[in-house]
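First up is the structure itself, then whatever we jot down about it.
The values are calculated or read from the model by the stated rules, or taken from the named source; none is laboratory data. A quick note: this is a predicted structure, and the numbers were derived from the prediction, not measured. Here the Cβ is made from the backbone with ideal geometry for all residues, glycine too, and neighbour counts use every protein chain on show.
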Amino acid sequence: MPSKIASLAVVTLVLLSGCGGLFDESTPTPTEERSNDARWLAPGLTGDGVEDASDLLGVHRETLVSQSRTTTRTQTFAAENGSEIANETVVVRATPNDGPRLVEADANGPARQRMTHWNERSVFWYGANESEFATLGEFSGHDEPHYTYRTETPDRFSISDETYSDRLSSLFTLMNVTVAPETVDNSVHRLEGSTPHLRLGEERLSNVTFTARVDYSGVVRSYELQYETERDGMTVRIAERVRITDIGTTDVERPAWVETAERERNETTQ
């Protein structure tokens, strides 16, 4: 098992080493005065790694929250023999601060119900300042989608950290994360770390590998976390990938189906 994970980690590092990287996201260009300095570092970083996680992630969070952005997270779950048993994808399109946002989640695989937090397909609409909340759910065996409409957001549906700052803070604090020297250039740094054991929240992880891409301004553009853990009495290998794109250019429009959800709610309450 460890050899398989090590192989996956090597592939991941190779894919992430280029400018485009695995996620092919664009990175900003540093100012002219910094472009001639081959040793520039983002806030909170030194040549040895993450020196001040709160400084780095403070810039990361502030930059993202103040602009529109698209965040995509994928998780794949594999059994000990390497076969994929479930996967999920969550895409969040958000406007600055507390503006509207749209969350789309898809999950599938034979162990979906045990491994993931989502139905086959769920869409969540959050109005400005969360004054309007609607859901669209699609389920196998049901011909018609299920709608929900409210004038306030239930706490259990709120997404507390769409920038993944809290998760990154834990990883930067609990792991020795270094800066790959060959990527200290004028556009992006590659961070990397590994540890045989890690406790993240309530979960115990083993054979952990981590890579991240940080642009010169301090925004973590993408990361990949791979590990083993126990889920539902079985050992599972999980690969978690997050990428943040379209910063400042993401468009978020109220979906047409929200009107259907609102109309069905009004008809039910009359």
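Figures for the structure shown
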read-out	value
Hey, Ser217 under 26 Å from Arg69 (Cα atoms), under 20 Å from the mean Cα position of the chain (by Cα) and among the polar types (S, T, N, Q) or not	yes
Residues of region 120-129 satisfying the condition of being within 15 Å of Glu262 (Cα to Cα) and over 21 Å from the mean Cα position of the chain (by Cα)	Gly127
Residue within region 146-165 that is surrounded by fewer than 13 Cβ atoms within 10 Å (Cβ to Cβ), touching a helix residue (DSSP H, G or I) at 6+ places or on another chain (Cβ under 9 Å) and modelled with pLDDT of 80 or more present	yes
Residue among Arg237, Arg241 that is surrounded by fewer than 21 Cβ atoms within 10 Å (Cβ to Cβ), modelled with pLDDT of 95 or more, part of a strand (DSSP E or B) and among the charged types (D, E, K, R)	Arg241
Inter-residue pairs, beta-carbon under 9 Å, first more than 18 Å from Ile247 (Cβ to Cβ) and in contact (Cβ under 8 Å) with a residue 40 or more places away in the chain and in region 89-105, second outside any strand (DSSP E or B) and aromatic (Phe, Trp, Tyr), 6+ apart	none
Enumeration of residues in region 222-234 that are free of Cβ contacts under 8 Å to residues at least 40 places away in the same chain and surrounded by fewer than 14 Cβ atoms within 10 Å (Cβ to Cβ)	Glu230, Gly233
Enumeration of residues in region 181-234 that are in contact with a Cys (Cβ under 8 Å, 6 or more places away or on another chain) and not in a strand (DSSP E or B)	Ser187
Among residues of region 120-129, those that are among the small types (Gly, Ala, Ser) and either under 19 Å from Glu228 (Cα atoms) or in a strand (DSSP E or B) (or both), counted	1
Flag if Asn176 is of a type outside the set (A, V, I, L, M, F, W, C) and on the phi > 0 side of the Ramachandran plot	no
Subset of region 88-119 that is of a type in the set (A, V, I, L, M, F, W, C) and in a loop (DSSP other than H, G, I, E, B) - its residue that is nearest to the chain's Cα centre (by Cα)	Trp118
Any chance Val258 is in contact with a Lys or Arg (Cβ under 7 Å, 6 or more places away or on another chain) and under 30 Å from Glu144 (Cβ atoms)	no
